[in-house]
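Worksheet: one structure, shown below.
The values are calculated or read from the model by the stated rules, or taken from the named source; none is laboratory data. Keep in mind the model is a prediction, meaning the values are calculated, not measured. Note that we place each Cβ from the backbone using ideal geometry, even for glycine, and neighbour counts take in every protein chain shown.
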Amino acid sequence: MNELAKKSKKIHPFLVAIFPILIIYSHNIGRVEIEEIILPIILIVGSALGLYYFWKLILKNENKSAIIVTLIIIVLFSYGHVYYLLNDVAIDGFDIGKNSYLIPAFGLLLGIGIFFTIKTKTVLDNATSILNVISIVFVLVAIGNVLLVTTEIVSCDKCTIQELFYEEIDFSSNFEQHKFSIFENQKIPDVYYLILDEYARSDALLDYHEFDNSEFINFLESKGFHIAKNNFANYPMSIQSIPALMNMRYIDFLSYEIGPDVRNYKPINGKDYGLYANNQVIKSFKEMGFKIITFNTFTLTDYENQLSDISICHRNVNVLDNKLFDTIVRTTIFGYFIERWSEDELRGVTVCTLEEFSKAGNKFEEPVFVWAHVMLPHPPWIFGPNGESITPGKPLLITDNPEFRGSGWEPKYQYIQQVEFANKKTMQIVENILEKDSSAIIIIQGDHGTAWDLNWLEPSKDDVYQRMRNLDAIYFPDKEKRGLLLDDRTLVNTFRTVFNAYFGSDYEILENKMYWGWNAKPYYFEEVTNHLLVP
Ligand SMILES: [Zn+2]
């Protein structure tokens, strides 16, 4: 046998390493770009290669080394699937207990496998051939999967361009020019805008959680805030709601500009032209000479906003920014630790943002627009009512609350604990800002309400009513301007009202409309205004 044929025989570890990458890629085509597949291949196949040479050095046997590497990869990558399979039938949900016997069990299995591979006296040529054939079949199946999904995309209107090639679209023709008039010597107010993701309206907090939020609401009212009573979000998801309000218009134009069946989020959360970061509100403030302060909260985006003058509270940059690699690694034996670690990161940036929010403006002489969007009270459930760290799945303070004692993990209760933490931090923020400068404008909003037992694809009137009721609190420093804040407002008019009230703009206040949509179809909008507004 010549050298080449001999070498090509040990291909199974590398095929086995490529298989999970291809399978997970096939589930995410359209959401991740093709070049994102390169990094996971380099890292995972590279590690397999490194391991192979490591074992070859020790055992001086190519067949055995290759089989050991294949065993290691199978154990690492099947772990997550076995874990979630067991987790599904568990009673107490997500918990470290399972990892504490599952990890040793997998370790033992792997140890036994490696032991017998090393000890065996056979040449293992047959085993190698069989493994090669099996791994080739697996990779072919994975490639078939990729092709199948790609064919589906190609057959959908506009999906080829938007999901496979990500053609950038210039949306600017859809926006009005910002007109304003600021007098010389006029005191220009700083504007603070805090989005508390999924923070529901008070009556919804009562309806679904029996939680009375009046302490927080009374505090805000005592400071001069107007809290809307019959307000709604215009869209049920952050990825629609925030781009609409930050661009001061309904985003129905995306349906024909991008295509109603397209799933790619880039037109919304992309770094360069995405409507979340690259928005009209920030551009308008910049035109008026404001400095822009944003926070790296990795909610919809995990990059610095290019339009901002400073961006605060960075997490540590890491390789998991490659979404495909992140997803792959989460299914492995390391998934548990990666989840805990990314929760720590999220806690870190959230607390940092809430701490720095009121202080950020001190850095500039110019007026500032300070904008933060935090994952609070939105899941994951990682905070107790005073900001204590919780691991999702682990009941917090059960012994302190008799009514929850023994009831186990209760997401609605965890949600309320995050509402309580958000309240505490928000009250501090409001105190700090007003103490420093009572002429600032402060806006605190949820981008939509909650989604308990909600049918996304065929929502009932109640589902829509639950999801669209969001917190909407606005502070105008001048009492006579507070009359512009209406009880039955929707988010899309927030900055139209602010610019009209304080910057001499003359924006039309848009008719209140609400649209339904879900994450698999971000550009499909179904009008549900009738469900919410009595004609
Ligand atoms: Zn949201």
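Annotation note: of LYS158, LYS121, LYS187, LYS179, the sole residue that is touching an Asp or Glu at 6+ places or on another chain (Cβ under 7 Å) and of a type in the set (D, E, K, R) is LYS179. Against the definition (within 16 Å of the ligand (Cβ to nearest atom) and not polar (S, T, N, Q)), how does ASP321 come out, yes or no? The answer is no for ASP321.
Scanning segment 150-167 for residues that are touching a residue at least 12 places away in the same chain (Cβ under 8 Å) and not in a helix (DSSP H, G or I) yields a count of 4. Can TYR250 be described as in contact (Cβ under 8 Å) with a residue 24 or more places away in the chain, assigned by TED's automatic domain parsing to the domain that holds ARG347 and within 20 Å of the chain's Cα centre (by Cα)? Judged against the criteria, TYR250 is not a match. Being away from the ligand (no atom under 16 Å from the Cβ), under 28 Å from GLU526 (Cα atoms) and small (Gly, Ala, Ser) narrows it down to one residue among SER181, SER238, SER214, SER155; which is it? After ruling out the rest, the residue left standing is SER155.
For segment 499-532, a residue qualifies if it is of a type outside the set (D, E, K, R), part of a loop (DSSP other than H, G, I, E, B) and out of contact with any Asp or Glu (no Cβ under 8 Å at 6 or more places or on another chain), and the qualifying residues are PHE503, GLY504, SER505, ILE509, LEU510, ASN519, ALA520, VAL528. For segment 426-464, taking the residues that are among the aliphatic types (A, V, I, L, M), in a loop (DSSP other than H, G, I, E, B) and away from the ligand (no atom under 16 Å from the Cβ), the one that is surrounded by the fewest Cβ atoms within 10 Å (Cβ to Cβ) is identified as LEU457. At least 3 residues being modelled with pLDDT under 85 is the threshold, and among the helices (runs of 4 or more DSSP H) wholly inside segment 242-347 those reaching it are 323-330.
Quick one: is SER129 more than 27 Å from LEU434 (Cβ to Cβ) and more than 16 Å from the ligand (Cβ to nearest atom)? Yes, satisfied. Taking residues in segment 365-380 that are more than 26 Å from THR450 (Cα to Cα) and acidic (Asp, Glu), and partners anywhere that are part of a strand (DSSP E or B) and modelled with pLDDT of 95 or more, the pairs with Cβ atoms closer than 9 Å and at least 6 places apart or on different chains are GLU365/LYS291; GLU366/LYS291. I want to confirm something. Restricting to segment 112-129 and keeping residues that are exposed (fewer than 12 other Cβ atoms within 10 Å of the Cβ) and not acidic (Asp, Glu), which single residue is nearest to THR332 (Cα to Cα)? Of everything passing the filter in segment 112-129, ILE112 is nearest to THR332 (Cα to Cα). The residue pairs whose first member lies in segment 24-47 and is in contact (Cβ under 8 Å) with a residue 60 or more places away in the chain, whose second member is surrounded by fewer than 17 Cβ atoms within 10 Å (Cβ to Cβ) and assigned to a loop (DSSP other than H, G, I, E, B), and whose beta carbons are closer than 7 Å, counting only pairs six or more residues apart or on different chains, are GLU33/TYR166. Please determine, by comparing only the residues of segment 184-204 that are touching a residue at least 60 places away in the same chain (Cβ under 8 Å) and either surrounded by fewer than 21 Cβ atoms within 10 Å (Cβ to Cβ) or more than 16 Å from the ligand (Cβ to nearest atom) (or both), which one is farthest from the chain's Cα centre (by Cα). Within segment 184-204, the match that is farthest from the chain's Cα centre (by Cα) is LYS187.
Residue check: ILE23 meets all listed conditions (1) more than 29 Å from the chain's Cα centre (by Cα); (2) of a type outside the set (Phe, Trp, Tyr); (3) buried (at least 18 other Cβ atoms within 10 Å of the Cβ) but one, namely (1).
Screening LEU220, LEU205, LEU194 for residues that are touching a strand residue (DSSP E or B) at 6+ places or on another chain (Cβ under 8 Å) and not in a strand (DSSP E or B) leaves exactly one candidate, LEU220.
Within segment 436-478, track down each residue that is basic (Lys, Arg) and touching a Pro at 6+ places or on another chain (Cβ under 8 Å). Listed by number, the list holds a single entry, ARG467. All conditions but one from (1) under 30 Å from SER342 (Cβ atoms); (2) away from the ligand (no atom under 16 Å from the Cβ) apply to LYS283; the one that does not is (1).
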